[in-house]
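Undergrad: Have a look at this one.
The values are calculated or read from the model by the stated rules, or taken from the named source; none is laboratory data. Note that the structure is predicted; figures quoted are calculated from it, not measured. All Cβ positions, glycine included, derive from the backbone under ideal geometry; neighbour counts span all protein chains shown. Accessible surface is based on the protein model in full, side chains and every heavy atom, while ligands, DNA and RNA are left aside. Shrake-Rupley method; radii C 1.70, N 1.55, O 1.52, S 1.80 Å.
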Amino acid sequence: MDEKTMRLCLVLSIGVWSLATPAFAEDLGCKPIHTLIRDLNAAKQARLINHWINDGSNNFGTQEVILVDWSEYSRWEEGPWSINQREFTPDAVSNCHKLRDEIVNGVSTLLYIYDLRDYGSKLQVRTWINKDTGLPLQSQFITVDPKNFEERLTTYSFDTDIRAPM
């Protein structure tokens, strides 16, 4: 075998070996979640309803969040609205696995489970992704840290008629 052929074989074997590494497999498994987060962060408007089972301080309740462009409007129950700069979902995911296809409220979805690092907390997330839009239909967030247990169920809507409430 000549030197040029040997170099080509070496490069190809390194390339094939890197495809077999766990990091590459992890990246492939998380690709749908990376795409989901990118699309969620790019959405011009969205409505999120967070049903807190426990917010980490043994509080519970319902929080409505409306995202319009760069602004985030939120309120608890039927309380007053507050406005802040929009916080984007961090793209810090790992251990992504597709569990199964499911129908949720008549919508065909893909159910994924993954870990998310969110502002210092490690959350285990189950997200039902709308097969037609690629956007989340609902998510369940549970903290992995037993000292600061938190759980919430979030439902999403992306209607074009969502407007700032104030």
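Undergrad: Of all residues in region 134-161 being among the hydroxyl-bearing types (S, T, Y) and farther than 15 Å from L48 by Cβ, which is most open to solvent (accessible area, probe 1.4 Å)? Walk me through it before giving the result.
TA: Restricting attention to region 134-161, the residues satisfying the condition of being among the hydroxyl-bearing types (S, T, Y) are 139, 143, 154-157, 160.
Then keep just the ones that are farther than 15 Å from L48 by Cβ; that gives 143, 160.
Working: T143: 12, T160: 111 Å².
The selected residue is T160.
Undergrad: Can we say I129 is in contact with a Ser or Thr (Cβ under 9 Å, 6 or more places away or on another chain) and open to solvent by less than 30 Å² (accessible area, probe 1.4 Å)?
TA: The answer is yes for I129.
Undergrad: Sticking with this structure for a sec: Kindly indicate whether I53 is part of a strand (DSSP E or B), touching a residue at least 60 places away in the same chain (Cβ under 8 Å), over 12 Å from the mean Cα position of the chain (by Cα) and farther than 15 Å from L137 by Cβ. Walk me through it before giving the result.
TA: Details: part of a strand (DSSP E or B): yes; touching a residue at least 60 places away in the same chain (Cβ under 8 Å): yes; over 12 Å from the mean Cα position of the chain (by Cα): yes; farther than 15 Å from L137 by Cβ: yes.
Yes, satisfied.
Undergrad: When you check R38 against the structure, is it open to solvent by less than 60 Å² (accessible area, probe 1.4 Å), modelled with pLDDT of 95 or more and either in a strand (DSSP E or B) or within 23 Å of L111 (Cα to Cα) (or both), yes or no? I'd like the intermediate steps shown before the answer.
TA: Details: open to solvent by less than 60 Å² (accessible area, probe 1.4 Å): no; modelled with pLDDT of 95 or more: yes; either in a strand (DSSP E or B) or within 23 Å of L111 (Cα to Cα) (or both): yes.
For R38, the condition - open to solvent by less than 60 Å² (accessible area, probe 1.4 Å), modelled with pLDDT of 95 or more and either in a strand (DSSP E or B) or within 23 Å of L111 (Cα to Cα) (or both) - is not met.
For every residue, the table says whether it meets (1) over 21 Å from C96 (Cα atoms); (2) out of contact with any Cys (no Cβ under 7 Å at 6 or more places or on another chain); (3) among the polar types (S, T, N, Q); (4) assigned to a strand (DSSP E or B).
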position	(1), (2), (3), (4)
Q124	no, yes, yes, yes
D132	no, yes, no, no
L137	no, yes, no, yes
Q140	no, yes, yes, yes
K147	yes, yes, no, no
R152	no, yes, no, yes
Y156	no, yes, no, yes
D159	yes, yes, no, no
R163	yes, yes, no, no
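Undergrad: Being in a strand (DSSP E or B), surrounded by 14 or more Cβ atoms within 10 Å (Cβ to Cβ) and of a type outside the set (G, A, S) is true for just one of L110, L99. Which residue is that?
TA: After applying the criteria, what remains is L110.
Undergrad: I'd like to know if region 7-14 contains one or more residues that are more than 19 Å from T155 (Cα to Cα), more than 24 Å from the chain's Cα centre (by Cα) and either at pLDDT 90 or above or open to solvent by less than 40 Å² (accessible area, probe 1.4 Å) (or both).
TA: If we filter region 7-14 for residues that are more than 19 Å from T155 (Cα to Cα), which is where we start, we get 7-14.
Then keep just the ones that are more than 24 Å from the chain's Cα centre (by Cα); that gives 7-14.
From what's left, either at pLDDT 90 or above or open to solvent by less than 40 Å² (accessible area, probe 1.4 Å) (or both): none.
No - not one qualifying residue is present in region 7-14.
Undergrad: If you don't mind, there's one more thing I want to ask. Of all residues being buried (at least 17 other Cβ atoms within 10 Å of the Cβ) and small (G, A, S) in region 44-85, which is nearest to E150 (Cα to Cα)? Just the residue, please.
TA: S74
Undergrad: Within region 130-150, take every residue that is farther than 14 Å from A43 by Cα and in contact with a Phe, Trp or Tyr (Cβ under 7 Å, 6 or more places away or on another chain) and give me the one that is modelled with the highest pLDDT.
TA: Q138
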